[in-house]
Amino acid sequence: MAITKAKKQDILAKLESIKNEANSVVFVGFKGIGVADTTAMRAKLREEGVGYFVAKKTLIGRAFDGAYQGDAPALEGEVAVAWSTDAIAPAQNVLAFAKKHKESLAILGGVFEGAYKNQVEMTEIASIPALPVLRGMFVNVINAPIQGLVLGLNAIAQKRA
């Protein structure tokens, strides 16, 4: 279906604002996903502070052309853009839905820290644990030597008693 020139200008303006405000952008390929699943995904993304916008590939390419370092990933099929000011939230949330809907939803690539990333790189970024989990892991790393020392001293104390 043809889009009027005015509508294309509106879409390009929206994509430009996405490009300017987002710290991370994920290009999402979708095909055959149901309305109920799409609505649920959009609601969940909104809760997490992630925007989701469907546009034509040519308009996405025009809006993002030359804006970032590297080569833009190939956008095939129907494409949407997920973005956020949080660096990993879009990729994590899209990957969570992609795991549920393997045939109908996939990460095609994206933009992370000012550079284009391909599908594999964006999937790796999506697998980074959330910040509270990373903090917990860090505390465990710091706590492990101290815990080992305490257990060793306790063993010596019990042996002498």
* For the stretch 91-99, does any single residue satisfy the condition of being in a loop (DSSP other than H, G, I, E, B), in the same structural domain as LEU45 (by TED's automatic domain parsing) and either over 14 Å from VAL25 (Cα atoms) or free of Cβ contacts under 8 Å to residues at least 24 places away in the same chain (or both)? -> no
* With the condition kept exactly as written, say whether any residue in the stretch 36-45 is out of contact with any Pro (no Cβ under 6 Å at 6 or more places or on another chain), under 20 Å from ILE128 (Cβ atoms) and part of a helix (DSSP H, G or I). => yes
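Of all residues in the stretch 100-136 being β-branched (Val, Ile, Thr) and in a helix (DSSP H, G or I), which is surrounded by the most Cβ atoms within 10 Å (Cβ to Cβ)?
So, considering only residues that are β-branched (Val, Ile, Thr) and in a helix (DSSP H, G or I), the one surrounded by the most Cβ atoms within 10 Å (Cβ to Cβ) is ILE125.
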* What are the pairs, 6+ residues apart or on separate chains, where a residue within the stretch 1-29 that is among the acidic types (Asp, Glu) and in a helix (DSSP H, G or I) has its Cβ under 9 Å from a residue that is surrounded by fewer than 16 Cβ atoms within 10 Å (Cβ to Cβ) and at pLDDT below 90? -> GLU21/THR85
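Could you please find all residues in the stretch 100-133 being among the aromatic types (Phe, Trp, Tyr) and in contact (Cβ under 8 Å) with a residue 60 or more places away in the chain?
From the stretch 100-133, those among the aromatic types (Phe, Trp, Tyr) are 112, 116; that's our starting set.
Passing the criteria: only PHE112.
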* Asked: Can you tell me which residues in the stretch 35-57 are touching a residue at least 24 places away in the same chain (Cβ under 8 Å) and under 14 Å from LYS100 (Cα atoms)?
  -> ASP37, MET41, LYS44
* Out of all the residues in the stretch 49-62, is one or more assigned by TED's automatic domain parsing to the domain that holds GLN119, out of contact with any helix residue (DSSP H, G or I) (no Cβ under 8 Å at 6 or more places or on another chain), of a type in the set (Gly, Ala, Ser) and part of a helix (DSSP H, G or I)? -> yes
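The values are calculated or read from the model by the stated rules, or taken from the named source; none is laboratory data. Treat the numbers as computed from the prediction; the structure is a model and nothing was measured. All Cβ positions, even for glycine, are placed from backbone atoms using ideal geometry, and neighbour counts span all protein chains on display.
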